[in-house]
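Take a look at the structure below.
The values are calculated or read from the model by the stated rules, or taken from the named source; none is laboratory data. From a predicted model like this one, the values you see are computed outputs, not experimental measurements. A quick note on method: Cβ atoms are made from the backbone with ideal geometry, for glycine too, and the neighbour counts reach across all protein chains shown. Accessible surface is based on the protein model in full, side chains and every heavy atom, while ligands, DNA and RNA are left aside. Shrake-Rupley method; radii C 1.70, N 1.55, O 1.52, S 1.80 Å.
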Amino acid sequence: MADKDDELVEEREEVERAAHEERELEEVRDRRETLDATAETTEAIRLAEANDAASARHRELADAERRQARSDHAHGNHLLDEAAAHPDEPGADATAAAGRRYQRAGDREDSTAAYDDHLAATPREQAPASDAARRPAQPPEARKFVQPRKIKKREKNSGLDLEL
């Protein structure tokens, strides 16, 4: 009878140990999942901040380009008006040509500003960090047409000059 009681106690302790180990494993899994979720959230925040900074930089560039375009257009209009006011003076053709160049430069600045506005408004798509963790790592591909380094053999110089 004592043997059966001892066996039951041992069996119960073993079941309790197994349950305790299972709880510990579950806690470790939960901690890992929490850490993974935190890492993904941190990466997502970092990417969002980088996107915001890039958008702000493109907006600033667009504003500067618009100011430059306005200045170029004004300068071009001034030169064209001056050439039109005095068409018979020497250099009037060159002044008109310079005015047209400034006009074209202003148009280019306007189109560049529009492009930067588009970049600032377009959100950049980034793959979430969880996708990178789920995708298996790809082995590096061998590069084609890369030749191994050739090692030059040097002749040993003993320091003695045998030629006399």
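If we scan the range 98-119, do we find a residue that is hydrophobic (A, V, I, L, M, F, W, C) and modelled with pLDDT under 60?
no
Kindly list, by first and then second residue, each pair from a residue in the range 40-56 that is of a type in the set (S, T, N, Q) to a residue that is surrounded by 14 or more Cβ atoms within 10 Å (Cβ to Cβ), limited to pairs with Cβ atoms under 8 Å and residues at least 6 apart or on different chains.
If the second residue must be surrounded by 14 or more Cβ atoms within 10 Å (Cβ to Cβ), the pairs left are ASN51/GLN126; SER55/LEU119; SER55/ALA120.
Enumerate the pairs (first residue in the range 84-97 and farther than 18 Å from ALA74 by Cα and assigned to a loop (DSSP other than H, G, I, E, B); second residue anywhere and open to solvent by less than 70 Å² (accessible area, probe 1.4 Å) and not charged (D, E, K, R)) with beta-carbon separation below 7 Å, excluding pairs fewer than 6 apart on the same chain, so at least 6 apart or on different chains.
Sorted first by the residue in the range 84-97, then by its partner, the pairs are HIS86/ALA92.
Could you please give the count of residues in the range 5-49 that are over 42 Å from the mean Cα position of the chain (by Cα), open to solvent by 80 Å² or more (accessible area, probe 1.4 Å) and among the β-branched types (Val, Ile, Thr)?
1
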